[in-house]
Amino acid sequence: MNYTTFLLTLSFIAIMLSKSYSQDAGFIGYATASVKHDSIKELNYFGFADKEKALKYNGSTIQPIGSVSKTVIGVSLMIANEKGFLDLDEDIGKYIDFEFINPNFKKENKITLRHLATHTSGIIDNKKHYESSYFFDVKPNMELGVFLKEYLTKKGSKYSKKNFNTSKAGTKYEYSNIASGLAAYIIEKVSGKSFDSFTKEFIFKPLGMNSTGWFYKDIEKLNHAVLYDEQDKALEPYSCAIYPDGSLKTTINDLSTYLIELIKGYNKTSKLLTKESWEELFKKNFSDALIVDNINKKEPNSGLFMVYFKSGSIGHTGSDLGASTIMTFDPKTSRGKIFMANENLTASNLKKFKQVWAGIE
């Protein structure tokens, strides 16, 4: 699949500077949200969920949110940790049903869940094989665990030394969707539940996120937005074998509920996790005592799949084929905001995005 934006970065700046071509200066459809403390302040919807049918984007519109999905892996890790299923600093070989090593680093190299959750594991996204995880179908034709084995083990059909960098785990930051998927797979192995079932039971249902799911079968298909490419052409439904890295489908209403819970968690008032777990989730993992190479100065630190931005805000960005999302909150004011669109963020609609984002109060 010839789609370079699948190789996600944490920074919208990289996406903003990428070469892309769109027929307009805006978006087909999008929604915004403003939240504070424990309530939604304002929701707004613009444009179309389906341009051809003239269906307006609204509060019930469902779309994928790209890598914002990874924050759910982080919360899930803490739930599994609370249940005694795993240790963030244990060698992940203890939890998975196959063996692999970084072939480019011959010395002892313990890889932990903390490394996976901070993109310092040494596992990287080999463009050729990563793109093969996508399928134009309503469900992936390869299970998460199967894809990971094919990618990470020497006998795998997708294996290559290029699937790894040359650094010891914990020493170099290199964003990886596949490493993120491995973290979710470990949750499956230690809990005995599929990752989608685990998150539904322990996150989505408790929070009342009833319009949220990982697969088309889990959501109301009629409410799913049509996704559009850079030429504003409608895309066929697609899915991904490494679905936890970016395939969560939700509404602006549900995502606002989730963001409120993160804010409450940061302030130690959420009961979804213990106070200690919330603290661990948001704890900065990089410091002068633990210097990591290749850190983006605009995103200088990381919790467990929780990005710290230079502005001081916390959250995540997301981009996938025909979808873009950004979700952040200010830890000082407990104010948060969300932008989600059924079209990619590109050089041509960047100005519009900046105007919209700045206007969310």
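The values are calculated or read from the model by the stated rules, or taken from the named source; none is laboratory data. What you see is a predicted model, and the numbers here were worked out from it, not measured in a lab. When we count neighbours, we look across all protein chains shown, and the Cβ atoms used for this are built from the backbone with ideal geometry, even at glycine. Surface accessibility is based on the protein's heavy atoms, side chains included, excluding ligands, DNA and RNA. Shrake-Rupley method; radii C 1.70, N 1.55, O 1.52, S 1.80 Å.
The Cβ shell under 14 Å around LYS70 holds other residues with a net charge of -4, Lys and Arg each +1, Asp and Glu each -1. With R₀ fixed at 56 Å, the C-beta to C-beta distance from ILE295 to ALA54 puts the FRET efficiency at about 0.75. The accessible surface of the chain, taken with every protein chain in place and a 1.4 Å probe, is 50 percent carbon and sulfur.
Here is what passes the span test in the chain: the DSSP H helices with alpha carbon length of 15 Å or more along the helix axis and a Kyte-Doolittle mean of -0.5 or above are 70-82, 177-191, 252-266.
So if I place +1 on the C-beta of Lys and Arg and -1 on the C-beta of Asp and Glu, and nothing else carries charge, what would the dipole magnitude of segment 178-230 be about its Cα centre? I want it in debye, nearest 20.
300 debye
The ellipsoid equivalent to the alpha-carbon distribution of segment 179-282 has semi-axes of 27, 18, 13 angstrom, derived from the gyration tensor eigenvalues as √(5λ) and listed largest first.
Computed with the Debye formula from one identical point scatterer per Cα of segment 13-161, without solvent, the log10 of I(q)/I(0) at q = 0.15, 0.20 Å⁻¹ comes to -1.10, -1.37. Accessible surface area normalised per residue over the chain is 43 Å², counting heavy atoms of protein chains with a 1.4 Å rolling probe. Of the peptides 219-225, 62-68, 175-181, the order by per-residue mean of other Cβ atoms within 10 Å, starting with the highest, comes out as 62-68, 175-181, 219-225. Kindly provide log₁₀ I(q)/I(0) values, in the same order as q = 0.07 Å⁻¹, from the Debye equation applied to equal alpha-carbon scatterers of the chain. Computed log10 I(q)/I(0) values: -0.27. Using only side-chain charges placed at the Cβ, +1 for Lys and Arg and -1 for Asp and Glu, the dipole size of the chain relative to its Cα centre rounds to 580 debye.
Compared with the rule-of-thumb size 2.2 N^0.38 Å for a compact globular protein, segment 238-361 has a Cα radius of gyration ratio of 1.13.
Dividing the radius of gyration of the alpha carbons in segment 91-193 by their Kirkwood radius gives 0.94 for Rg/Rh. Take 156-165, 319-328 and order them by the average number of nearby Cβ atoms within 10 Å per residue, most first; the result is 319-328, 156-165. Once Lys and Arg get +1 and Asp and Glu get -1 on their Cβ, which of PHE147, TYR216, ALA49 lies farthest toward the positive end of the dipole of the chain? Going by the Cα projections, it comes out as PHE147.
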